[in-house]
């Protein structure tokens, strides 16, 4: 089974370490059997980006906001195991 790597790059000047650490905890809890790890990478200039296997899946600069934990879980699930049920974090279609 292939293990996946997530990297969260956060701005140290903006003091976004706690946000990055909380998201890392959420992802590790949800995908603990699928991940090789979640790396927190210090950055600057307002950066907050999330990558899966070295491919960016979320950028605060591009989106104009921070990611929701539910949203990140769905983005990751869609790439590593599209058939997985995320329980309460699944998308609701109307």
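General observations
- Residues in the stretch 65-76 that are surrounded by fewer than 20 Cβ atoms within 10 Å (Cβ to Cβ) and in contact with a helix residue (DSSP H, G or I) (Cβ under 8 Å, 6 or more places away or on another chain): 4 in all.
- Residue tally, condition within 12 Å of the chain's Cα centre (by Cα) and over 28 Å from residue 1 (Cα atoms), over the stretch 36-58: 1
- All conditions in (1) in contact (Cβ under 8 Å) with a residue 24 or more places away in the chain; (2) surrounded by 13 or more Cβ atoms within 10 Å (Cβ to Cβ); (3) assigned to a loop (DSSP other than H, G, I, E, B) hold for residue 84, with the sole exception of (1).
- Note on the stretch 49-64: residues that are surrounded by fewer than 17 Cβ atoms within 10 Å (Cβ to Cβ) and touching a helix residue (DSSP H, G or I) at 6+ places or on another chain (Cβ under 6 Å) total 0.
- The set of residues in the stretch 30-48 being at pLDDT 95 or above and either on the phi > 0 side of the Ramachandran plot or loosely packed, with under 14 Cβ neighbours inside 10 Å (or both) consists of 36, 37, 39, 41, 42, 44, 45, 46.
The values are calculated or read from the model by the stated rules, or taken from the named source; none is laboratory data. If you're wondering where the values come from, they're calculated on a predicted model, not measured in any experiment. FYI the Cβ positions are ideal-geometry reconstructions off the backbone, even for glycines, and counts take in every protein chain you see.
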